[in-house]
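See structure below.
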């Protein structure tokens, strides 16, 4: 079963976040974001964030967008059509390096952060305060830290209420860029074993 999540960037108070269908735990998607941060200057990340164009998953791509996205297109998923942005951008999922390879479009999935029953992990490169924010799902605590906790809630058939994803760690980008490989492994392990805490 896929571990669903979200990832992306935040700049000027705007989230540019997209959905990830599989392997969203820290050992894969988190690691990919960390490696992207290690190999990319803050200035380049800011340029990427400013240049990314958010698209509605249900909107119809233009012929120009279809052509531009063809290297990342997968017609074996969803509607199996180039008129579907999910198909056009499927091979970008979990691959932040695509932003450095010319990818300009991102499906806008920021609302997924409000659904922690299904969004199990999320990673936001916050360029306003230059940190990597790591969020965890299955949040039943309305007072958990993070700006998404109160964005929505979902009640299951047994009455359990899940709120938005909870912030478990904010790590300065410069700290990540200075880490040794063994320190990165320790960080990923720490994130994997983290728990949601109450807001203090």
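Table for the structure above
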quantity: Qualifying residues in the stretch 143-173 (those that are loosely packed, with under 13 Cβ neighbours inside 10 Å and touching a strand residue (DSSP E or B) at 6+ places or on another chain (Cβ under 6 Å)) - the one modelled with the lowest pLDDT; calculated: 155
quantity: Hits in the stretch 1-39 (condition: out of contact with any helix residue (DSSP H, G or I) (no Cβ under 7 Å at 6 or more places or on another chain), surrounded by fewer than 23 Cβ atoms within 10 Å (Cβ to Cβ) and part of a loop (DSSP other than H, G, I, E, B)); calculated: 1, 2, 3, 4, 12, 13, 21, 22, 39
quantity: Restricting the stretch 68-83 to residues that are surrounded by fewer than 16 Cβ atoms within 10 Å (Cβ to Cβ), touching a helix residue (DSSP H, G or I) at 6+ places or on another chain (Cβ under 7 Å) and more than 17 Å from residue 95 (Cα to Cα), the residue that is modelled with the highest pLDDT; calculated: 75
quantity: Residue in the stretch 84-94 that is surrounded by the fewest Cβ atoms within 10 Å (Cβ to Cβ), counting only those that are within 16 Å of the chain's Cα centre (by Cα) and outside any helix (DSSP H, G or I); calculated: 94
quantity: Residue in the stretch 174-194 that is assigned to a loop (DSSP other than H, G, I, E, B), over 23 Å from residue 41 (Cβ atoms) and at pLDDT below 95 present; calculated: yes
quantity: The stretch 54-67, subset touching a helix residue (DSSP H, G or I) at 6+ places or on another chain (Cβ under 9 Å) and outside any loop (DSSP other than H, G, I, E, B), residue farthest from residue 104 (Cα to Cα); calculated: 66
quantity: Yes/no for residue 97 being closer than 25 Å to residue 172 by Cα, part of a helix (DSSP H, G or I) and in contact with a helix residue (DSSP H, G or I) (Cβ under 9 Å, 6 or more places away or on another chain); calculated: yes
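The values are calculated or read from the model by the stated rules, or taken from the named source; none is laboratory data. Note that the structure is a prediction, hence the values are computed from the model and not measured. Ideal geometry is used to build each Cβ from the backbone, glycine not excepted, and the neighbour counts take in all protein chains shown.
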